[in-house]
Structure formats: structure tokens, C-alpha cells
1. So for the range 87-94 (the condition being assigned to a helix (DSSP H, G or I) and loosely packed, with under 10 Cβ neighbours inside 10 Å), does at least one residue qualify?
Amino acid sequence: MNRFDISPFFRSTVGFDRLFDQLGRNWESDNQWPQYDVVRTAEDAYQISIALPGYHNEDIHLETREGLLTVRGERKTDDETREYLHRGINQPRFSRTFQLAEHVEVQGARLTEGILTISLQREILESLQPRKIEVTTGKAEPRMIESDAA
């Protein structure tokens, strides 16, 4: 496995250690099961697709807390009623986390043909969007100009 060394970045940055820790964890865990894709579907819309063959809706649990999306799965087995001569299909318990950027919210999730699809949307409140302020001369009161984002 290739190792990405981020230590040179620590010499020229201050306060980014949490970001570099997250990058390091993601770099090392990239080959873990289950495999997934992250796709930008529009300017402020994203989709996470996770391959979960053999899992059902009741086996999967999603949770968001403080900007962290956690996907957990635990397959219910019927080991007591079956006698396996060979067991080669691995469906382990798993937990996968995704750090969400500010204002990114989970819109929904669906499981279709072994692929869990999670839809995400960035929704920035109008009060947080940038606004232009007109610069005037004299004693006139400053006034706001409509946002370009509309």
C-alpha cells in the first residue's frame, strides 16, 4: 500500500491538523469494505452510492450528527437453521463515516438491487450568502444591493 506523507504541510500551516488527520484516516481506510462512490450530481447536490449486496433495509442504519454521516450495517443471519458446507460470501458488520461540509444535509436514502444511494444537498441560508454593499458619498445612508446568487 502506498503511504501519503502529509508531514511537510504541518510546517507551513496552522490550525489545519484536524483536516490532515481526517485526510490520513481516509487515505488509509480507502480499501475497506464496503466500496462506495461519491458523485456530484449538480452544483450543490451530491450522491453517495455504497455496494451492499445481500443487505436489506432493516440491516442498514444511517445517522447524522455534528456534520458526520455514519452508515452502519449488520446482516441478520439464519445460521441456526442452515448447515453451511462452505461459507464464502462475506457480509460482515460494517461502519463507514463521511465528513459532511457545512450546510450539506442528507435528503434521503434508498436501497435498490444491492446499492444504497444517499442523496445530499448543500443548502446555504440566504442570510449567510454574500451580499454587495453600495459605497456612497456624502451623508446618505448605506443600503444593501440584491445578492447575485438569486
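The values are calculated or read from the model by the stated rules, or taken from the named source; none is laboratory data. Nothing here was measured: the structure is a model prediction, and the numbers come from that model. Every residue, glycine as well, gets a Cβ built from its backbone with ideal geometry; the counts of neighbours run over all protein chains shown.
1. Step one: filter the range 87-94 for residues assigned to a helix (DSSP H, G or I), giving none.
Checking the range 87-94: not a single residue is assigned to a helix (DSSP H, G or I) and loosely packed, with under 10 Cβ neighbours inside 10 Å.
Condition check ((1) touching a His at 6+ places or on another chain (Cβ under 9 Å); (2) on the phi > 0 side of the Ramachandran plot; (3) at pLDDT 85 or above) across all residues:
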{"position": "Leu69", "(1), (2), (3)": "no, no, yes"}
{"position": "Glu80", "(1), (2), (3)": "no, no, no"}
{"position": "Arg87", "(1), (2), (3)": "no, no, no"}
{"position": "Gln91", "(1), (2), (3)": "no, no, no"}
{"position": "His103", "(1), (2), (3)": "no, yes, yes"}
{"position": "Leu111", "(1), (2), (3)": "yes, no, yes"}
{"position": "Gly114", "(1), (2), (3)": "no, yes, yes"}
{"position": "Ser119", "(1), (2), (3)": "no, no, yes"}
{"position": "Ser127", "(1), (2), (3)": "no, no, no"}
